[in-house]
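Contents: one structure, followed by commentary.
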Ligand SMILES: [Zn+2]
(Lines give C-alpha, C1' and ligand atoms only; values in the text may rest on other atoms or scores of the structure.)
Protein backbone atom coordinates (compact mmCIF):
# COMPACT_ATOMS: atom_id res chain seq x y z
CA UNK A 1 0.00 0.00 0.00
CA UNK A 2 1.20 3.49 -0.79
CA UNK A 3 2.03 5.39 2.33
CA UNK A 4 2.00 8.85 0.85
CA UNK A 5 -1.09 10.86 0.23
CA UNK A 6 0.51 13.62 -1.75
CA UNK A 7 -2.79 14.54 -3.33
CA UNK A 8 -4.16 15.69 0.02
CA UNK A 9 -3.18 19.18 1.07
CA UNK A 10 -2.93 19.79 4.79
CA UNK A 11 -5.80 22.02 5.91
CA UNK A 12 -3.61 23.63 8.53
CA UNK A 13 -0.49 24.59 6.55
CA UNK A 14 -1.29 23.72 2.93
CA UNK A 15 1.58 21.28 2.35
CA UNK A 16 1.10 18.27 0.10
CA UNK A 17 3.37 15.72 1.74
CA UNK A 18 1.18 13.95 4.29
CA UNK A 19 1.83 10.27 4.96
CA UNK A 20 0.01 7.54 6.87
CA UNK A 21 0.77 7.65 10.58
CA UNK A 22 -1.72 4.90 11.45
CA UNK A 23 -3.32 2.24 9.32
CA UNK A 24 -6.64 1.03 10.65
CA UNK A 25 -7.48 -1.21 7.70
CA UNK A 26 -10.60 0.57 6.51
CA UNK A 27 -9.08 3.99 7.22
CA UNK A 28 -5.76 5.69 7.67
CA UNK A 29 -4.78 8.60 9.81
CA UNK A 30 -2.53 10.94 7.86
CA UNK A 31 0.00 13.28 9.36
CA UNK A 32 1.50 16.40 7.82
CA UNK A 33 5.29 16.41 8.37
CA UNK A 34 5.34 20.19 8.08
CA UNK A 35 3.00 21.10 10.92
CA UNK A 36 2.07 17.76 12.65
CA UNK A 37 -1.66 18.15 11.97
CA UNK A 38 -3.47 14.83 11.50
CA UNK A 39 -6.68 13.74 9.83
CA UNK A 40 -8.77 10.73 8.97
CA UNK A 41 -8.68 9.34 5.44
CA UNK A 42 -11.08 8.74 3.85
CA UNK A 43 -13.44 11.21 5.46
CA UNK A 44 -17.06 10.14 5.93
CA UNK A 45 -19.73 11.65 3.72
CA UNK A 46 -22.30 14.09 5.15
CA UNK A 47 -24.89 11.28 5.08
CA UNK A 48 -22.62 8.89 6.98
CA UNK A 49 -21.97 11.53 9.62
CA UNK A 50 -25.65 12.29 9.98
CA UNK A 51 -26.31 8.60 10.55
CA UNK A 52 -23.89 8.39 13.49
CA UNK A 53 -25.55 11.15 15.49
CA UNK A 54 -28.84 9.43 16.16
CA UNK A 55 -30.56 8.46 19.38
CA UNK A 56 -28.28 5.50 20.04
CA UNK A 57 -25.22 7.79 20.01
CA UNK A 58 -25.66 8.10 23.77
CA UNK A 59 -26.40 4.46 24.52
CA UNK A 60 -24.36 2.56 21.98
CA UNK A 61 -24.72 -1.08 23.02
CA UNK A 62 -22.07 -2.22 20.52
CA UNK A 63 -19.38 0.13 21.82
CA UNK A 64 -17.20 -2.51 23.45
CA UNK A 65 -17.20 -4.77 20.39
CA UNK A 66 -14.20 -2.64 19.65
CA UNK A 67 -14.14 -2.38 15.86
CA UNK A 68 -14.29 0.85 13.88
CA UNK A 69 -17.92 0.36 12.89
CA UNK A 70 -18.99 -0.04 16.50
CA UNK A 71 -16.82 2.51 18.33
CA UNK A 72 -18.73 5.76 18.36
CA UNK A 73 -20.66 7.80 20.87
CA UNK A 74 -21.13 6.55 24.40
CA UNK A 75 -21.92 3.18 25.86
CA UNK A 76 -24.06 4.70 28.60
CA UNK A 77 -24.00 8.50 28.68
CA UNK A 78 -26.70 8.76 31.35
CA UNK A 79 -24.64 6.88 33.91
CA UNK A 80 -21.64 9.09 33.11
CA UNK A 81 -23.48 12.26 34.07
CA UNK A 82 -22.15 12.79 37.56
CA UNK A 83 -18.56 11.98 36.72
CA UNK A 84 -18.67 14.21 33.66
CA UNK A 85 -20.11 17.02 35.70
CA UNK A 86 -17.22 16.81 38.15
CA UNK A 87 -14.91 17.54 35.23
CA UNK A 88 -17.21 20.31 33.99
CA UNK A 89 -17.16 21.84 37.44
CA UNK A 90 -13.40 22.26 37.25
CA UNK A 91 -13.65 23.79 33.79
CA UNK A 92 -16.39 26.23 34.76
CA UNK A 93 -14.39 27.22 37.87
CA UNK A 94 -11.45 28.07 35.65
CA UNK A 95 -13.66 30.07 33.27
CA UNK A 96 -15.07 32.07 36.19
CA UNK A 97 -11.52 32.78 37.31
CA UNK A 98 -10.57 34.12 33.87
CA UNK A 99 -13.73 36.21 33.66
CA UNK A 100 -13.06 37.76 37.05
CA UNK A 101 -9.50 38.59 35.95
CA UNK A 102 -11.15 40.53 33.14
CA UNK A 103 -12.76 42.65 35.82
CA UNK A 104 -16.15 41.31 34.70
CA UNK A 105 -18.73 41.54 37.41
CA UNK A 106 -16.86 44.42 39.05
CA UNK A 107 -18.22 47.97 39.10
CA UNK A 108 -21.43 46.75 40.67
CA UNK A 109 -22.44 44.90 37.51
CA UNK A 110 -25.11 42.33 38.26
CA UNK A 111 -25.82 41.04 34.78
CA UNK A 112 -25.67 37.25 34.44
CA UNK A 113 -22.86 36.36 32.03
CA UNK A 114 -24.04 34.51 28.94
CA UNK A 115 -22.64 31.09 28.04
CA UNK A 116 -23.18 29.13 24.84
CA UNK A 117 -22.23 25.45 24.80
CA UNK A 118 -21.68 24.15 21.28
CA UNK A 119 -22.35 20.41 21.07
CA UNK A 120 -24.12 20.43 24.41
CA UNK A 121 -25.23 16.77 24.39
CA UNK A 122 -27.59 16.14 27.29
CA UNK A 123 -26.83 19.54 28.83
CA UNK A 124 -24.42 18.37 31.54
CA UNK A 125 -22.09 21.36 31.25
CA UNK A 126 -25.03 23.75 30.86
CA UNK A 127 -26.50 22.40 34.08
CA UNK A 128 -23.24 23.07 35.96
CA UNK A 129 -22.81 26.56 34.45
CA UNK A 130 -26.45 27.40 35.19
CA UNK A 131 -25.85 26.56 38.84
CA UNK A 132 -22.88 28.94 38.79
CA UNK A 133 -25.09 31.82 37.68
CA UNK A 134 -24.60 31.79 33.93
CA UNK A 135 -27.40 32.56 31.50
CA UNK A 136 -26.93 29.41 29.42
CA UNK A 137 -27.93 28.17 26.02
CA UNK A 138 -26.87 25.04 24.16
CA UNK A 139 -26.81 23.90 20.59
CA UNK A 140 -26.43 20.34 19.37
CA UNK A 141 -26.73 18.56 16.07
CA UNK A 142 -28.39 15.58 17.74
CA UNK A 143 -32.18 15.91 17.89
CA UNK A 144 -32.56 13.26 20.63
CA UNK A 145 -30.17 15.18 22.90
CA UNK A 146 -31.93 18.52 22.43
CA UNK A 147 -35.35 16.93 23.05
CA UNK A 148 -34.05 15.45 26.25
CA UNK A 149 -32.87 18.84 27.50
CA UNK A 150 -36.29 20.32 26.71
CA UNK A 151 -37.96 17.63 28.83
CA UNK A 152 -35.61 17.99 31.74
CA UNK A 153 -34.43 21.59 32.02
CA UNK A 154 -35.82 25.07 31.61
CA UNK A 155 -32.80 26.50 29.83
CA UNK A 156 -32.80 26.67 26.06
CA UNK A 157 -31.11 24.29 23.68
CA UNK A 158 -31.50 24.44 19.93
CA UNK A 159 -31.03 21.66 17.43
CA UNK A 160 -28.95 22.31 14.36
CA UNK A 161 -25.57 22.96 12.80
CA UNK A 162 -23.91 25.71 14.81
CA UNK A 163 -22.22 27.02 11.66
CA UNK A 164 -25.67 28.38 10.78
CA UNK A 165 -26.42 29.66 14.29
CA UNK A 166 -26.88 33.41 14.38
CA UNK A 167 -27.27 34.28 18.06
CA UNK A 168 -25.57 37.26 19.70
CA UNK A 169 -21.95 36.97 20.92
CA UNK A 170 -21.63 35.60 24.47
CA UNK A 171 -19.29 36.21 27.36
CA UNK A 172 -18.33 32.54 27.25
CA UNK A 173 -18.43 29.88 24.55
CA UNK A 174 -17.59 26.25 25.30
CA UNK A 175 -17.04 23.34 22.96
CA UNK A 176 -16.27 20.06 24.72
CA UNK A 177 -15.11 17.12 22.61
CA UNK A 178 -16.61 18.61 19.46
CA UNK A 179 -13.91 20.06 17.19
CA UNK A 180 -12.54 16.63 16.20
CA UNK A 181 -16.01 15.72 14.85
CA UNK A 182 -16.42 18.68 12.53
CA UNK A 183 -15.80 18.51 8.77
CA UNK A 184 -14.46 22.12 8.69
CA UNK A 185 -12.68 22.59 12.00
CA UNK A 186 -10.94 25.87 11.15
CA UNK A 187 -14.15 27.48 9.92
CA UNK A 188 -15.74 26.22 13.12
CA UNK A 189 -13.13 28.02 15.25
CA UNK A 190 -13.73 31.24 13.32
CA UNK A 191 -17.44 30.81 13.88
CA UNK A 192 -16.84 30.22 17.60
CA UNK A 193 -14.81 33.45 17.65
CA UNK A 194 -17.68 35.37 16.07
CA UNK A 195 -19.94 34.02 18.82
CA UNK A 196 -17.57 35.12 21.62
CA UNK A 197 -17.62 38.81 22.51
CA UNK A 198 -14.25 40.62 22.48
CA UNK A 199 -12.61 39.91 25.84
CA UNK A 200 -14.86 36.87 26.33
CA UNK A 201 -13.62 33.36 27.09
CA UNK A 202 -13.63 30.33 24.82
CA UNK A 203 -12.96 26.88 26.28
CA UNK A 204 -12.52 23.80 24.17
CA UNK A 205 -11.48 20.22 24.79
CA UNK A 206 -10.19 17.65 22.36
CA UNK A 207 -7.68 14.85 22.11
CA UNK A 208 -3.97 15.75 22.25
CA UNK A 209 -2.66 13.59 19.40
CA UNK A 210 0.98 14.02 20.40
CA UNK A 211 0.84 13.34 24.13
CA UNK A 212 3.20 10.61 25.32
CA UNK A 213 0.41 8.08 25.85
CA UNK A 214 -1.21 8.98 22.50
CA UNK A 215 2.08 8.22 20.75
CA UNK A 216 2.74 5.11 22.82
CA UNK A 217 -0.68 3.53 22.23
CA UNK A 218 -1.03 4.94 18.72
CA UNK A 219 -3.75 3.27 16.75
CA UNK A 220 -4.76 1.15 19.72
CA UNK A 221 -6.08 4.30 21.33
CA UNK A 222 -9.83 4.62 21.27
CA UNK A 223 -9.73 8.22 20.04
CA UNK A 224 -7.91 7.19 16.87
CA UNK A 225 -10.26 4.27 16.27
CA UNK A 226 -13.46 6.28 16.20
CA UNK A 227 -13.36 6.27 12.41
CA UNK A 228 -17.04 7.14 12.02
CA UNK A 229 -16.74 10.40 13.91
CA UNK A 230 -13.19 11.58 14.70
CA UNK A 231 -12.04 13.46 11.63
CA UNK A 232 -9.21 15.75 12.79
CA UNK A 233 -6.48 15.50 15.40
CA UNK A 234 -4.81 18.46 17.04
CA UNK A 235 -1.85 18.66 19.37
CA UNK A 236 -1.00 21.58 21.64
CA UNK A 237 0.93 23.35 18.91
CA UNK A 238 -1.64 23.13 16.12
CA UNK A 239 -4.46 23.94 18.53
CA UNK A 240 -2.69 27.04 19.79
CA UNK A 241 -1.92 28.16 16.24
CA UNK A 242 -5.50 27.51 15.07
CA UNK A 243 -6.97 29.53 17.92
CA UNK A 244 -4.61 32.43 17.30
CA UNK A 245 -5.55 32.48 13.63
CA UNK A 246 -9.24 32.43 14.54
CA UNK A 247 -8.85 35.55 16.69
CA UNK A 248 -8.11 34.27 20.19
CA UNK A 249 -5.22 34.64 22.63
CA UNK A 250 -4.52 31.32 24.33
CA UNK A 251 -4.54 31.70 28.11
CA UNK A 252 -3.88 28.18 29.27
CA UNK A 253 -3.73 24.56 28.11
CA UNK A 254 -4.33 21.82 30.67
CA UNK A 255 -4.44 18.10 30.29
CA UNK A 256 -7.94 16.89 30.83
CA UNK A 257 -8.36 13.67 32.74
CA UNK A 258 -11.57 11.90 33.39
CA UNK A 259 -13.33 10.68 36.46
CA UNK A 260 -14.30 7.13 35.74
CA UNK A 261 -15.56 3.97 37.47
CA UNK A 262 -12.90 1.28 37.90
CA UNK A 263 -14.88 -1.33 35.90
CA UNK A 264 -15.31 1.09 33.04
CA UNK A 265 -11.63 2.04 33.12
CA UNK A 266 -10.64 -1.63 32.97
CA UNK A 267 -13.03 -2.29 30.09
CA UNK A 268 -11.63 0.60 28.11
CA UNK A 269 -8.07 -0.43 28.91
CA UNK A 270 -8.85 -3.86 27.47
CA UNK A 271 -9.75 -2.31 24.12
CA UNK A 272 -6.27 -0.78 23.84
CA UNK A 273 -4.22 -3.45 25.64
CA UNK A 274 -6.18 -6.73 25.62
CA UNK A 275 -4.02 -8.80 27.97
CA UNK A 276 -3.21 -6.15 30.55
CA UNK A 277 -6.79 -4.91 30.40
CA UNK A 278 -8.21 -8.38 30.99
CA UNK A 279 -6.02 -8.83 34.08
CA UNK A 280 -7.11 -5.44 35.33
CA UNK A 281 -10.79 -6.34 34.83
CA UNK A 282 -10.38 -9.47 36.95
CA UNK A 283 -8.53 -7.64 39.70
CA UNK A 284 -11.18 -4.94 39.81
CA UNK A 285 -13.96 -7.52 40.05
CA UNK A 286 -12.27 -9.64 42.72
CA UNK A 287 -11.37 -6.70 44.85
CA UNK A 288 -14.93 -5.38 44.81
CA UNK A 289 -13.76 -2.03 43.45
CA UNK A 290 -15.98 -2.00 40.34
CA UNK A 291 -18.05 1.00 41.37
CA UNK A 292 -15.10 2.87 42.86
CA UNK A 293 -14.43 6.13 41.08
CA UNK A 294 -10.96 7.26 40.21
CA UNK A 295 -9.64 10.36 38.57
CA UNK A 296 -7.52 9.14 35.71
CA UNK A 297 -5.41 11.42 33.57
CA UNK A 298 -3.40 9.72 30.82
CA UNK A 299 -2.86 13.23 29.36
CA UNK A 300 -4.36 12.19 26.04
CA UNK A 301 -6.85 15.04 26.17
CA UNK A 302 -6.44 18.75 26.56
CA UNK A 303 -8.66 21.61 27.56
CA UNK A 304 -7.73 25.00 26.18
CA UNK A 305 -8.84 28.38 27.47
CA UNK A 306 -8.58 31.41 25.21
CA UNK A 307 -9.64 35.04 25.21
CA UNK A 308 -11.28 36.63 22.18
CA UNK A 309 -9.15 39.44 20.83
CA UNK A 310 -10.62 42.79 19.94
CA UNK A 311 -11.13 42.66 16.21
CA UNK A 312 -8.74 45.41 15.09
ZN1 LIG B 1 0.43 20.82 7.71
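The values are calculated or read from the model by the stated rules, or taken from the named source; none is laboratory data. Nothing here was measured: the structure is a model prediction, and the numbers come from that model. Cβ placement follows ideal geometry from the backbone for every residue including glycine, while neighbour counts extend to all protein chains displayed.
Quick notes on this structure:
- Look at segment 19-42: where a residue is more than 18 Å from residue 207 (Cα to Cα) and touching a residue at least 12 places away in the same chain (Cβ under 8 Å) and a partner is near the ligand (Cβ under 9 Å from one of its atoms) and not in a loop (DSSP other than H, G, I, E, B), sitting 6+ places away or on another chain with Cβ atoms under 8 Å, you get 19/31; 20/31.
- Test: residue in segment 67-83 that is closer than 30 Å to residue 243 by Cα, modelled with pLDDT of 90 or more and not in a loop (DSSP other than H, G, I, E, B): no
- There is at least one residue in segment 225-233 that is part of a loop (DSSP other than H, G, I, E, B), over 13 Å from the mean Cα position of the chain (by Cα) and either buried (at least 16 other Cβ atoms within 10 Å of the Cβ) or modelled with pLDDT of 95 or more (or both).
- Some residue of segment 188-198 being assigned to a strand (DSSP E or B), in contact with a helix residue (DSSP H, G or I) (Cβ under 7 Å, 6 or more places away or on another chain) and closer than 19 Å to residue 253 by Cα: no
- Residue tally, condition assigned to a loop (DSSP other than H, G, I, E, B), surrounded by fewer than 17 Cβ atoms within 10 Å (Cβ to Cβ) and more than 9 Å from the ligand (Cβ to nearest atom), over segment 30-50: 3
- Residue match in segment 143-159 (condition: in a loop (DSSP other than H, G, I, E, B) and either surrounded by 15 or more Cβ atoms within 10 Å (Cβ to Cβ) or touching a residue at least 12 places away in the same chain (Cβ under 8 Å) (or both)): yes
- Check on residue 7, within 16 Å of the ligand (Cβ to nearest atom), assigned to a loop (DSSP other than H, G, I, E, B) and modelled with pLDDT under 80: yes
- Of all the criteria given as (1) without any contact (Cβ under 8 Å) to a residue 12 or more places away in the chain; (2) surrounded by 15 or more Cβ atoms within 10 Å (Cβ to Cβ), the one not satisfied by residue 62 is (2).
- Among the candidates 262, 302, 239, residue that is touching a strand residue (DSSP E or B) at 6+ places or on another chain (Cβ under 7 Å), under 29 Å from residue 26 (Cα atoms) and outside the structural domain of residue 87 (by TED's automatic domain parsing): 302
- Residue check, residue 299 exposed (fewer than 15 other Cβ atoms within 10 Å of the Cβ), outside any strand (DSSP E or B) and at positive phi: yes
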